[in-house]
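This report refers to the structure that appears directly beneath it.
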Amino acid sequence: MKLNFKSMMTGRKLYFFLFLGGIAICLIILYAGKKAVDYTSTDEYCMSCHVHPHAEQSWKLSPHHNNRTGVFVHCTECHLPPEGHGKLFAKAKQGAKDIYGFWFKDSADFKWEQKRTLEAAKKFTYTESCVKCHQNLFPVSLSKEGEDAHLNFITSKENVSCLNCHLDVGHFDPDRMHEHNTNFGNAETNKEIFEEATPVDRFVNFTEKIPGTSVSFDMVAIPGGKFNMGSPANEPLRDKDEGPVHPVEVSDFWMGKIEVTWDEYLAFFAQTSSQGRKESEKAAEEVDGITGPTPPWGAPDQGWGKSSRPAITMSWYAANTYCQWLSKVTGKKYRLPTEAEWEYACRGGSSTPYPFKGSPKKYTSDGIFKKIFGTDTTNINSYVIYKGNSPTQTEEPSRVKENPFGLKNMLGNVSEFCLDYYSPVAYKKYTNLVKDPRGPRRGKEHVIRGGSFKSDAKDVRSAARDYTRTKAWLVTDPQMPKSIWWYSDCIDVGFRVVCEPDKTIIKK
């Protein structure tokens, strides 16, 4: 059989040219792809799609643009991981979401403040990108606090991000300064200064006046009674630490109508703090035997405003000390509520998941269908500040209705410290009716109740429990030792006070 040499050569040439053509096409595609990647990675392209009203201006005011070296840090240098860390995959993923949002969503409906939180920023800012540029974490100009913080960053077993301390580096925010705030608590007042606390001789609602200040607050008389504490096994979306349900009796007590406000807490800060004292130093002075907080780092109110908004970021220790101070200056016995008192006051006589109508299954935002179609949350929205209706921050108490006892925001706005130590099995030791329980005798963390503006509807039920996380809430505190007064990494916990009746003078 003879081979056709000429046709064989022709076939080889064809394959050769096809091979060269394939290489050329691949090179063209790669070149065009790189050009497309480069073009879509420019600041101008990012800002043409991302219609943030604040992004470009805050970027230009930040140290990543406004610095003495004149070096710009561009959008993708922070918002994409570096080469070798899934850069193209992240770009494709984020790009697909951005394109969908640009064409099918109305930017006027975006909740921009929610996208500026630490939790949101961690999803599209990469630690690998930070350390790619900032390779020397211990320059000679670094402060002692900075050295401690960076040492904690490289040795911590917790999920510590650069953003925990440097959230405003890429987009400047004057309310997120990471330094001692020596101006904190300086407030002007032209109001009447109270000379004495409110005298009380009957178990009725009253307005307390803090002597030496112009601050007052409402206390609600909560008549004692019996109730079933905890949630039954068939309550939707409950947690195991909420049971078993057990009978409890509580005595009469007063409870703050709303959470302790910044006005109230700043009165304590102004009378007891030592502005020049650092955490590691002993108290230089005491007022009425109470040593107050050191200056906080940054803005404890997060720039949301003070006044009648609930005070936040103070530690359980600070809240407990506040109660001791308030007792001294008013002559009454103020303290944090026990967990039993808190739930009794929250329920207001109800035995359902909420002190108003509705099921957690109806109100929760969990689940793909709820996210797409939503649900009628009119009722819960009128009583609770939670994730479903908050602008990712605290709100004024006037926004919600009172519960059956006349208390506001028991289930939301900010979670609230209780007096008890936390135990997931605390309820198991109660088999018979128990009066005025105080929880476990020992423990490391304390109970918090009520949910916050960050919480889903399932976590603002009357029986829902949570607890302090002292170590996790002090991860980015740059001081050694860590502060006993302020949490550096918790912005949604506050407290309200209760007052015990003096049985020798109180009449029903």
- Message: Relative contact order for region 333-405: what percent, with Cα pairs under 8 Å and sequence separation of 6 or more?
- Response: 32
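For region 452-492, what is the accessible area per residue in Å² when the probe is 1.4 Å?
33
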- Nonlocal Lys pairs with alpha-carbon distance under 30 Å, region 441-508 (8 or more apart, or different chains): 8
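Kindly state, to the nearest 0.05, the FRET efficiency for ASP239 paired with ASP201, given R0 = 35 Å and r defined as their beta-carbon distance. Write out the running numbers ahead of the final one.
Details: r = 43 Å, r/R0 = 1.22.
That gives a FRET efficiency of 0.25.
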- How far is helix 144-155 tilted off the main Cα axis of the chain, in degrees rounded to 10, range 0 to 90? 70
- Message: Could you report the accessible area of ILE28 in Å², rounded to 10, computed with a 1.4 Å probe on the protein chains as they sit in the structure?
- Response: 110
- Item | Accessible heavy-atom area order of LEU61, LEU336, highest first, probe of 1.4 Å | LEU61, LEU336
- Item | Helix 262-272 vs. the chain, principal-axis angle (Cα, 0 to 90°, nearest 10) | 70
- Message: I'd like the accessible area for VAL169, computed on protein heavy atoms only with a 1.4 Å probe and all protein chains in place. Round to 10 Å², please.
- Response: 30
- Task: Work out how much length LYS144 to VAL425 would gain on full extension: take 0.36 nm times their residue separation and subtract the Cα-Cα distance, in nm to one decimal.
- Result: 96.9 nm
- Leaving ligands, DNA and RNA out of it, work out the accessible area of PHE405 with a 1.4 Å probe and give it in Å² to the nearest 10. 50
- Query: Can you tell me the accessible area per residue over region 312-360, all protein chains present, probe 1.4 angstrom, in square angstrom?
  - Reply: 29
- Query: Between GLU396 and LEU137, what is the spin-label point distance in nm, taking each point 7 Å from the Cα along the Cα→C-beta axis?
  - Reply: 4.4
- Task: Would you mind getting me the FRET efficiency between LEU14 and GLU56? Use the beta-carbon distance for r and R0 = 56 Å, nearest 0.05.
- Result: 0.55
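If I take R0 = 51 Å and measure r between the Cβ atoms of ASP252 and TRP103 in this structure, what FRET efficiency does the formula 1/(1 + (r/R0)^6) give, to the nearest 0.05? Before the final figure, lay out the partial values.
Values: r = 61 Å, r/R0 = 1.19.
Efficiency, from the Cβ-Cβ distance: 0.25.
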- Message: Could you check the spin-label model distance between LEU30 and ASP456? Points 7 Å from the Cα along Cα→Cβ, value in nm.
- Response: 4.6
- Query: Which value in nm describes the separation of the simple spin-label points at ASN432 and SER359, placed 7 Å from the Cα toward the beta carbon?
  - Reply: 3.8
- C-alpha center-to-center spacing [region 428-444, region 195-268] in angstrom: 19
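Rounded to a whole number, what % of the accessible area of region 314-454 do carbon and sulfur atoms account for, probe 1.4 Å?
On the way: 3270 of 6260 Å².
C and S fraction of accessible area: 52 percent.
Quote to one decimal, in nm, the extra length available between THR69 and LYS122 on full extension: 0.36 nm per residue of separation minus the C-alpha distance between them.
Working: separation 53, 0.36 × 53 = 19.08 nm, distance 2.69 nm.
Gain on extension, THR69 to LYS122, equals 16.4 nm.
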- Query: Just in region 349-454: which trypsin sites (Lys or Arg not before Pro) are loop by DSSP and have at most 16 other Cβ atoms within 10 Å?
  - Reply: LYS357, LYS401, ARG438, ARG441, ARG442, LYS444
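The values are calculated or read from the model by the stated rules, or taken from the named source; none is laboratory data. Computed from a predicted model, the values in this text were never measured in an experiment. Note that each Cβ is placed from the backbone with ideal geometry, even for glycine, and that neighbours are counted across all protein chains shown. Ligands, DNA and RNA are stripped out before the accessible areas are found, and what is left, the full protein with its side chains, is counted by its heavy atoms. Shrake-Rupley method; radii C 1.70, N 1.55, O 1.52, S 1.80 Å.
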